[in-house]
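Below: the structure, in C-alpha cells.
Values quoted throughout were computed directly from the atomic coordinates according to the rules given, and no laboratory measurement underlies them. In this text the structure is predicted, and so the values were computed from the model without any measurement. Heads up, the Cβs are rebuilt from the backbone with ideal geometry, glycines too, and the neighbour counts pull from every protein chain shown.
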C-alpha cells in the first residue's frame, strides 16, 4: 500500500499520471513533462512535495548536536535562516542531504529526502547529545513548492508579509490565505521560488487558492518528472541517483558544504584525508551529441576503457538535447572531453561540459 | 483515449492498417499517452525481417524507454524517417503522421490473431 500525500485526490481529479516514488503515490506529470518544465522556467509551477520528511531537533544541546552530525557549519545559522548540508558516515559516505531551518536557537527543523526519513531519524536519535530530542513530524506537514519567475507575484496576493524582504535561503512564519505556515525562499528548480509548510488539513484550500491566484500568471500543476529535468539542468544532485552512502561530498562537487574548520563532526577525519589526497573521480555534467538518451546506470567509455557510469540522465527541454551527470575518472572530468555512453547495443557520443546547462 | 475503427491492434499497443500492397504499423494513442513526451525514436533498416512479436524499434520519452514489438511477421519496406527529427509527431498524431513502419507481411493469416478496435478498447479499459 503506497503512502499518500494530502493532495492525492486533487492530483487524480485533475488527471495526473501517478507513480510509485519510494513508496509514495506521487504525480509524475499532468499535461506533459516538457510543458510543465517550460512553465516553471517561464511562468510558474506548483509541486506537491509533501513526501519530503520533517524532523524537529530541539533542546539545550540541539545546536551542539547538529554541529557534530552535519558537515556544513551550523554557526552560519540564526533564526529565520536555512542551510543545505549533507550528513555523512564516519567513512565520508553521504547518509542524506537536507535543509536545516533554524526556528530558534535551540530548535531546528530538518527537511530530509522521503526515502531517508526513517534512516535519518534513527541516525539522529543515536547521535544526539543529552537534553536534546528528535521528533519525526513528517505526517504533520503538507509541503508545496511554488517555483518560477512569477511565483512572487502569485504568492504576494495571498500572504500578509512583504516577499521582497525574504532573501534566498531565508524563511518566515506567515499566513497564506489565512493559514499559518512557513514560507521559505528555497527550491529545487533553480528559479525564483518558495516552499510552503503547513498543516495537512489545509491542503485542498491552499492548493485551490494558489491555483486561483496563479491563473493569470500561467501557473501549472507540475509533477516529479518536470522536477527531475529542472534540477538536472541546474546540476542539483539527487539523493539515490547522484549521491548515496558510497559517494562523498568532495567527488559530488559539494565541497562548499563541508566545513572542515568548524571543529569535530562525524566523518571529518576521513573527509580531511579525502580533501588532501583529491578524489579519483568527480561528478561531471555531459551532453549527448548523438541521438539518444542516457539513463541511470548506463556505462561510459573512452578510448575503449570504462571510465564511469551515468548517475542521472534525461532530456533537457530547454536545450532540446539529452544531458546527464556521471562520476568520471579525473582525467576525463574536463570540459570538452569526448566520451561514449553504452545505450543498449550501441555506443553514442557525448561531450563533457562545464555546466550548469541552464 | 482514441481507438480507430478500421485498424487491427496488438496487446503491446501497436496498430496495423491494411493498405493495398503493405501493412502500416504504429503505436496507439493509449501507448503514446502512457509514454508521455517522446523525444527519440529508433527505427529498423529497410529490408530487415522480423518474426511476429520481435522488438523492431525503441521509443524514448522524457521519463521512460520502451521497445516496440511487431504485431505480424514480415519485411520492412519503409520507415517513417520524419520521426527521427520530429518525434513529437508520435504524440500529436499517432494514427497518422506518427506511423512507424511499413511491412510486407509474411503470413496474412496473422492479422486474424490481432484485436479488433472493440476488443482493444476493452483491453485498455482493463489495463
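Send over the per residue convex hull volume for the protein assembly as shown, Cα only, as a whole number of Å³. Don't skip to the end; give the middle numbers.
Working: hull volume 75.2 nm³, N = 485.
Once divided by residue count, the hull of the protein assembly as shown is 155 Å³.
Within a 10 angstrom radius of each residue's Cβ in A:287-294, how many Cβ atoms of other chains show up on average? Whole number is fine.
Values: counts 0, 1, 0, 1, 8, 6, 7, 0.
Mean partner-chain Cβ count within 10 Å for A:287-294: 3.
Enter the mean projected area of the convex hull around the alpha-carbon atoms of segment A:280-352, in nm², rounded to one decimal. Don't skip to the answer; put the middle values down first.
Values: hull surface 17.3 nm².
For segment A:280-352, averaging the hull's shadow over all directions gives 4.3 nm².
Want the number for residue A:167 to residue A:118: 0.36 nm per residue separation, take away the alpha-carbon distance, what's left? Don't jump to the answer; show the numbers that get you there.
Working: separation 49, 0.36 × 49 = 17.64 nm, distance 3.12 nm.
Result: 14.5 nm gained on full extension.
Per q in 0.22, 0.27, 0.28 1/Å, what log10 I(q)/I(0) does a Debye calculation on the alpha-carbon atoms of segment B:52-103 return?
With no solvent term, the Cα-only Debye profile gives -0.90, -1.22, -1.26.
Compute the label zone of residue A:290 within segment A:300-318: residues whose backbone N is under 19 Å from the point 7 Å along Cα-to-Cβ.
Under cut-off, by backbone N: A:300-316.
How would segment A:76-145 be classified by its alpha-carbon gyration tensor: rounded, prolate or oblate, with rounded meaning a/c under 1.5 and the a/b versus b/c comparison settling the rest? Walk me through the intermediate numbers first.
Numbers: a/c = 1.30, a/b = 1.16, b/c = 1.13.
It comes out rounded by the Cα gyration axes.
Can you bin every Cα-Cα distance in segment B:8-108 into 10 Å intervals starting at zero and give me the percent of pairs per bin, rounded to whole numbers?
In whole percents, the pair-distance histogram is 17, 55, 26, 2.
What nm value, rounded to one decimal, do you get for the distance between residue A:216 and residue B:5 when each label is placed 7 Å out toward the C-beta?
Those two pseudo-labels are separated by 4.8 nm.
For chain A, modelled as a Gaussian network with Cα springs under 10 Å, which listed residue fluctuates most, A:72, A:164, A:61?
Residue with maximal mean-square fluctuation among A:72, A:164, A:61: A:164.
Starting from the Cα gyration tensor of segment A:159-311, multiply each eigenvalue by 5, take the square root, and state the resulting semi-axes largest first in whole Å.
In descending order, the three semi-axes are 37, 24, 12 Å.
Hey, fewest Cβ within 10 Å first, where do A:159, A:85, A:284 land in order?
Details: A:159 20, A:85 24, A:284 28.
Ranking A:159, A:85, A:284 by Cβ neighbours within 10 Å, fewest first, gives A:159, A:85, A:284.
So what's the back-of-envelope 222 nm ellipticity for the protein assembly as shown, counting only DSSP H runs of four-plus at -39500 (n - 2.57) apiece and dividing by all residues, rounded to 500? The partial results should precede the final answer.
Working: 12 runs with 98 residues, N = 485.
Mean residue ellipticity at 222 nm (helix-derived): -5500 deg cm²/dmol.
With a point put 7 Å past each Cα toward its Cβ, work out how far residue A:330 is from residue A:353 in nm, to one decimal.
Roughly 2.6 nm, to one decimal.
Report the full-extension gain for the segment residue A:9 to residue A:129: residue separation times 0.36 nm, less the Cα-Cα distance, to one decimal in nm.
So the extension gain works out to 39.1 nm.
Given bins 10 angstrom wide, list per bin the percent of all Cα-Cα distances in segment A:204-281, short to long.
Per 10 Å bin, starting at zero, the Cα-Cα P(r) for segment A:204-281 comes out as 14, 31, 22, 17, 14, 2 percent.
If I histogram all Cα-Cα distances within segment A:52-105 using bins 5 Å wide from 0, what percent of pairs lands in each bin?
4, 19, 30, 29, 13, 4, 0
Please say if segment A:232-351 is rounded, prolate or oblate, where rounded means a/c under 1.5 for a ≥ b ≥ c the square roots of the C-alpha gyration tensor eigenvalues, and otherwise the choice is prolate for a/b larger than b/c and oblate otherwise?
Values: a/c = 2.50, a/b = 1.89, b/c = 1.32.
In terms of gyration-tensor shape, prolate.
Which three extents, in angstrom, do the Cα atoms of segment A:23-179 have along their principal axes, listed largest first?
Each principal axis gives a Cα extent; for segment A:23-179 these are 47, 35, 26 Å.
Under a point spin-label approximation (7 Å from Cα along Cα-to-Cβ), what is the residue B:125-residue A:278 distance to one decimal in nm?
About 6.6 nm separates the two model spin labels.
Pick from B:110, B:42, B:14: which is most flexible by mean-square fluctuation in a GNM of chain B where alpha carbon atoms under 10 Å apart are linked?
Per the Cα network of chain B with a 10 Å cutoff, B:110 tops the list.
If contacts are Cα pairs under 8 angstrom and at least 6 residues apart, what is the relative contact order of segment B:8-108 in percent?
Details: 229 pairs, mean separation 31.8, N = 101.
It rounds to 31 percent for segment B:8-108.
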